[in-house]
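Here is the structure we will look at, set down as structure tokens.
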Amino acid sequence: MTEMIDLVFDLRGETLPATYPFALWAELVKRVPQLAENEAVGVLPLKVAKNRDVILLPKRTKLVLRLPQDLLQLASRLSGAELDISPGVLSLGEMRTRTIQPHPTLHAQLAAGADDEMEFMEAVHAHFAALEISANTICGIRHTLSDGRQSISGYSLVVHDLKPEASVRLQCVGMGEGRQFGCGIFMPYKVISDLE
């Protein structure tokens, strides 16, 4: 398994469109084209507050890229970049690295998959079996991420009772398509904050 790492960038900005993942990825690839050449590269969903069609960016929000360690030097060029996410602008500040830590409970906001929930869960269990991961799962609400030109549909997914090694493996590998848009990326699930 490729060694993966999280790159964490300070972020400045005020509002984003609800479809921001597509524009954000386009802006990142414009600056570091090599990101698009590796399917393992992912962009973690931003921790944001929604207000109708607009997303508000809290002051402490970070941009996190999950990528193979051999892309670290290239991706570090993004520090100081101004990203045009119309109608807003995101400014990337200082970057630091963060190792992927084991957590017993993980959550993916949207894991792409079949329309039918039973088919989706069958695919989840097959994926986990291939990764030799044993855990319990809770399938959430089905939703679609779309900007009018492209769309990805799937379910939110909580995975719990993970052993440490399996937890790190799942965070590194993820599940399904659309990692560059924040899909199929597993993050620590803190029940109280995530329900707020």
For the stretch 1-27, which positions are in contact with a strand residue (DSSP E or B) (Cβ under 7 Å, 6 or more places away or on another chain) and aliphatic (A, V, I, L, M)? 4, 5, 7, 8, 11, 16, 18, 23, 24
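What residue, of 49, 23, is under 23 Å from residue 143 (Cα atoms), small (Gly, Ala, Ser), free of Cβ contacts under 8 Å to residues at least 40 places away in the same chain and surrounded by fewer than 19 Cβ atoms within 10 Å (Cβ to Cβ)? I'd like the intermediate steps shown before the answer.
On the way: 23 fails: free of Cβ contacts under 8 Å to residues at least 40 places away in the same chain.
Criteria check complete, one pass: 49.
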Determine which single condition residue 161 fails, assuming it passes every other condition in (1) more than 26 Å from residue 31 (Cα to Cα); (2) acidic (Asp, Glu); (3) free of Cβ contacts under 8 Å to residues at least 40 places away in the same chain. (3)
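Just to be sure before I move on: is residue 63 within 16 Å of residue 15 (Cβ to Cβ), surrounded by 13 or more Cβ atoms within 10 Å (Cβ to Cβ) and in contact (Cβ under 8 Å) with a residue 60 or more places away in the chain in the structure I sent?
Answer is no for this residue.
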Scope the stretch 109-124; condition farther than 24 Å from residue 43 by Cα and assigned to a helix (DSSP H, G or I); matching residues: 117, 118, 119, 122
Condition (residue is closer than 30 Å to residue 32 by Cα, under 18 Å from the mean Cα position of the chain (by Cα) and in a helix (DSSP H, G or I)) applied to the stretch 77-94: is it met by at least one residue? yes
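To keep it simple, each residue is scored yes or no on (1) within 24 Å of residue 56 (Cβ to Cβ); (2) surrounded by 14 or more Cβ atoms within 10 Å (Cβ to Cβ); (3) of a type in the set (S, T, N, Q).
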site: 82; (1), (2), (3): yes, no, no
site: 91; (1), (2), (3): yes, no, yes
site: 100; (1), (2), (3): no, yes, no
site: 110; (1), (2), (3): yes, yes, no
site: 113; (1), (2), (3): no, yes, no
site: 117; (1), (2), (3): no, no, no
site: 124; (1), (2), (3): no, yes, no
site: 131; (1), (2), (3): no, yes, no
site: 146; (1), (2), (3): yes, no, yes
Identify all residues within the stretch 28-44 that are under 11 Å from residue 75 (Cβ atoms) and either in a loop (DSSP other than H, G, I, E, B) or among the charged types (D, E, K, R) (or both); write none if there are none. 31, 32, 38, 41
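Only one of 113, 13, 88 is in the same structural domain as residue 177 (by TED's automatic domain parsing) and either under 22 Å from residue 173 (Cα atoms) or among the small types (Gly, Ala, Ser) (or both); which?
Numbers: 13 fails: in the same structural domain as residue 177 (by TED's automatic domain parsing); 88 fails: in the same structural domain as residue 177 (by TED's automatic domain parsing).
Testing whether each residue is in the same structural domain as residue 177 (by TED's automatic domain parsing) and either under 22 Å from residue 173 (Cα atoms) or among the small types (Gly, Ala, Ser) (or both) leaves just 113.
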Among (1) farther than 26 Å from residue 62 by Cα; (2) in contact with a Gly (Cβ under 7 Å, 6 or more places away or on another chain); (3) part of a loop (DSSP other than H, G, I, E, B) - the single one residue 175 does not satisfy: (1)
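The values are calculated or read from the model by the stated rules, or taken from the named source; none is laboratory data. Every value quoted in this text rests on a predicted model; they were computed, and no experiment measured them. Glycine also receives a Cβ, built like all others from the backbone with ideal geometry; neighbour counts cover every protein chain displayed.
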